[in-house]
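Just below is one structure, and these are the notes that go with it.
What follows draws every value from the coordinates through simple rules; no lab data is involved. Source: prediction; values computed, not measured. Neighbour counts are summed over all protein chains in view; Cβ atoms, including those assigned to glycine, are modelled from backbone coordinates with ideal geometry.
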Amino acid sequence: MSYVDIFVAAVASENRDTYQHHAKEAAQAFRALGALSVVACWGDDLVDSGMTSFPGSVGCEEGETVAVSWIVWPSKEIRNKSMARAGDDPRLNPEHNPMPFDGARMIFGSFEMIVEE
């Protein structure tokens, strides 16, 4: 069964193009490392109802939009091996491809898929 990494971040709305460029570079790197797919999404219809909302979960401030991404890996084992090598790829190096968001407010986690159709 596949394994998934999910990321949620608050990004300055004016940095949408910068975020998209960052996400494309990272996606190419993760695909080269063995990811099956990489998806990046820009918030569109989000309700901010506090801590239990996407905006609340990342402390979204005025002028920011929530971005959500996920990486699908063939397995946890391949993901772990790939992540160990990720630092060697310049597309994932913050000096070459800086994160256009506050990483301290990003939430992320890894998940075992239990239904995949």
Calculated from backbone phi, Karplus (6.51, -1.76, 1.60) coupling profile of the range 80-90 in Hz, x at Gly/Pro: 4, 5, 5, 5, 5, 9, 4, x, 7, 8, x
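Give the order of THR18, THR52 when sorted by the count of other beta carbons within 10 angstrom, beginning with the fewest. Display every interim value, and only then the final one.
Numbers: THR18 15, THR52 7.
Going from least to most buried by this count: THR52, THR18.
Relative to the Cα centre, what is the charge dipole magnitude of the range 1-61, using +1 at the beta carbon of each Lys and Arg, -1 at the beta carbon of each Asp and Glu, and rounding to the nearest 20 debye?
For this selection, approximately 300 debye.
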Integer Hz, Karplus 6.51/-1.76/1.60 couplings in order for the range 99-112, x for Gly and Pro: 6, x, 7, 7, x, 5, 9, 7, 10, 7, x, 10, 9, 7
³J(HN,Hα) computed for each position of the range 35-43 - Karplus, 6.51 cos²θ - 1.76 cosθ + 1.60, integer Hz, glycine/proline x: 5, 6, 7, 9, 10, 10, 10, 10, x
Degrees between helix 16-32 axis and first principal axis of the chain (Cα, 0 to 90, nearest 10): 10 degrees
Local electrostatic count at GLU61 - Lys and Arg +1, Asp and Glu -1, tallied over other residues with Cβ under 10 Å: -2
Distance between modelled label sites at GLU62 and ARG16, nm, 7 Å Cα→Cβ extension: 2.1 nm
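What's the magnitude of the charge dipole for the range 3-112 around its Cα centre, counting Lys and Arg as +1 and Asp and Glu as -1 at the beta-carbon? Answer in Debye, nearest 20. Please report the intermediate quantities before stating the final value.
Working: 9 positive and 16 negative charges, 125 e Å.
Dipole magnitude for the range 3-112 comes out near 600 debye.
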